[in-house]
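Below: one structure, written as structure tokens.
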Amino acid sequence: MHNIKDIRSDISSFKDGLKKRFIDVDFEKILLLDENNRKFIQEKENLEKEKKEISKSKDKSLFEKSKEISKKIEEISSSQSKIKNELDNILASLPNLPYNDVPIGKDENSNIEILKSGKIPNFTFKPKSHYELGENLNMLDFDLATKTTGSRFVFVKDKLALLERAISNFMLDTHINLNGYKEISPPLIATDSTMFGTGQLPKFDNDQFELKLDDSNDRKFLIPTAEVILTNMVKDQIINKEILPIRMVASTPCFRKEAGSYGKDTKGMIRQHQFYKVEMVSIVEPNQCLAELDRMTNCATKILDLLKLPYRKIILCSGDMGFSAEKTFDIEVWLPSENKYREISSCSSCGSFQARRMKARYKNSKKETVFVGTLNGSGLAVGRTIVAILENYQQEDGSILIPEALKPYMNNIDKINKI
RNA sequence: GGAGAGAUGGCAGAGUGGUUGAAUGCACCGGUCUUGAAAACCGGCAAAGGGGCAACUCUUUCCUGAGUUCGAAUCUCAGUCUCUCCGCCA
């Protein structure tokens, strides 16, 4: 969420920034609402002051007048809050501004590759897709999931279930022991205000699984990513500078409706309603955001290095970035069956954008209370890592070699064979 | 699910209708003292929003939302959350 004061004082950079995202914003309207809002506030405050003085004086002859003032205040207040609401609604739906080194472009075609790493495997046979491999092993069952649950779910069985667990533990251990993240096992359900904090609401209501509850005024949602719940751990707080940076990691299931992606990746486990993801979140001083983004991205690629999976790193262009991000690196892993790279991690700096929504602040060295910076990144998506391992480590007979780094987590087996 | 207690500033904790934005303690910051530090002493220290070039000033805020009153942290109602006891169950 942007600060209306900042918009007021530097409207051109907001115009430019949002233009880069190809979003049409009625700034005239924003300024008008802001102006009226402030006008009403002033009127209201004058009356409040008058009223306060009467009540202090305890002069009974003025009590009637005070009642009248109260009525007026009420009228002005309701006009003011209407306008404030309208203004807030507009502001809440504006995405973050792209950082100045983010390439300009409308969609993924303008993303820029930054580096390539790892060796693309050379198969002497036609590599199979992960779902063919998994089904042939009898360890992935999509049809069964459709029967019990619906489309875009899967049963993972036997050694592949073990692989899923192994990947998750391996990634967690690496981030905890090597990369300095603290492990968290968070709730998988978040309230609407939590979802607002990280930017899922109000705009992306449709992408979320909402729980149906008959009591409680809060709306509750299954988390679409651990980012939501981890980042909100600092919500409504003024935290100590000394505890920054905070680095947290969690492995959680994620739930997404994937509305609007009908027909996309309908086969296999690339795009599921439920998947495991290891998520990193950093809370930092805002001027550290970009350095932390590089650090976090390196933590993610480290996993792929250790798993010896070929990947590339790209920077997302302005139009392809998520709502809250000011700068995003995607990491894409090589998938032999598709003969291309597919996203396996996305690391974003959100600057103070989420912090403002969450009211997450700290005292800086000048003793000012300012908003923190927040970052999040996958490290990595577990489901897609299974896909990548199946496809890159497949053998001609349909068996799967286990990457060296995972063996300790897989009871030291070398290979997954059909049973 | 039944019964009770509670929610106040970074933390702890007073305050039950009238200059209370809120005692006190801790933490934190500045100063005196000291070779330096500690201790002691003195002073400062909430947030959000509005106005002002600024010094500064005004308004709001004691879980949330309604209500009573000229006036609410304090009274009433509803809600949320926390704690204790009992019951039930992973």
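The values are calculated or read from the model by the stated rules, or taken from the named source; none is laboratory data. Note that the structure is a prediction, hence the values are computed from the model and not measured. In this analysis, Cβ positions are derived from the backbone assuming ideal geometry, glycine residues included, and neighbour counts consider all displayed protein chains. Heavy atoms of the whole protein, side chains included, go into the accessibility calculation; ligands, DNA and RNA do not. Shrake-Rupley method; radii C 1.70, N 1.55, O 1.52, S 1.80 Å.
Using θ = phi - 60° in the Karplus curve 6.51 cos²θ - 1.76 cosθ + 1.60, the 3J(HN,Hα) couplings for the range A:126-141 round to 7, x, 8, 6, 4, 6, 5, 4, x, 5, 5, 6, 6, 10, 10, 10 Hz; x is entered for Gly and Pro.
Qualifying trypsin sites (Lys or Arg not before Pro) in the range A:156-246, where qualification requires a DSSP coil assignment and no more than 14 other C-beta atoms within 10 Å, comprise A:203, A:212. With the helix formula -39500 (n - 2.57) applied to DSSP H stretches of n ≥ 4, chain A reaches a computed 222 nm mean residue ellipticity of -12000 deg cm²/dmol. When each of the peptides A:82-88, A:387-393 is scored by the mean number of other C-beta atoms lying within 10 Å of its residues, the order from highest to lowest reads A:387-393, A:82-88.
Of the GluC sites (Glu not before Pro) found in the range A:1-59, not one falls in a DSSP loop while having at most 13 other beta-carbon atoms within 10 Å. Its residues counted as N, the range A:221-291 yields a C-alpha radius of gyration over 2.2 N^0.38 Å of 1.42.
Across all directions, the average projected area of the convex hull around the alpha carbons of the range A:324-419 is 9.6 nm². Of A:358, A:1, the residue with the largest accessible area leads and the full order is A:1, A:358 (1.4 Å probe). The residues of chain A have, on average, 50 Å² of accessible surface per residue, using a 1.4 Å probe with all protein chains present.
With θ taken as phi - 60° and the Karplus curve 6.51 cos²θ - 1.76 cosθ + 1.60 applied, the whole-hertz 3J(HN,Hα) list for the range A:241-258 is 4, 4, 8, 8, x, 9, 10, 10, 9, 8, 10, 9, x, 10, 10, 9, 6, 6 Hz, x standing for glycine and proline.
The distance from the alpha carbon centre of the range A:11-44 to that of the range A:119-198 is 43 Å, rounded to a whole number. Among the chymotrypsin sites (Phe, Trp or Tyr not before Pro) within the range A:240-277, those in coil by DSSP and having at most 10 neighbouring Cβ atoms inside 10 Å are A:262. Ignoring lysines fewer than eight residues from residue A:241 along the same chain, the ones with Cα atoms less than 19 angstrom from its Cα are A:182, A:359, A:363, A:366, A:367.
Our summary gives chain A a relative contact order of 20 percent, counting only alpha carbon pairs under 8 angstrom and 6 or more residues apart.
The three principal axes of the C-alpha atoms in the range A:4-92 carry coordinate ranges of 61, 20, 16 Å, sorted with the longest axis first. To put it simply, the accessible area of the range A:160-227 at a 1.4 Å probe is 48 percent carbon and sulfur.
Eigenvalues of the alpha-carbon gyration tensor of the range A:108-416, scaled by 5 and square-rooted, set the equivalent ellipsoid semi-axes at 33, 23, 18 angstrom, largest first.
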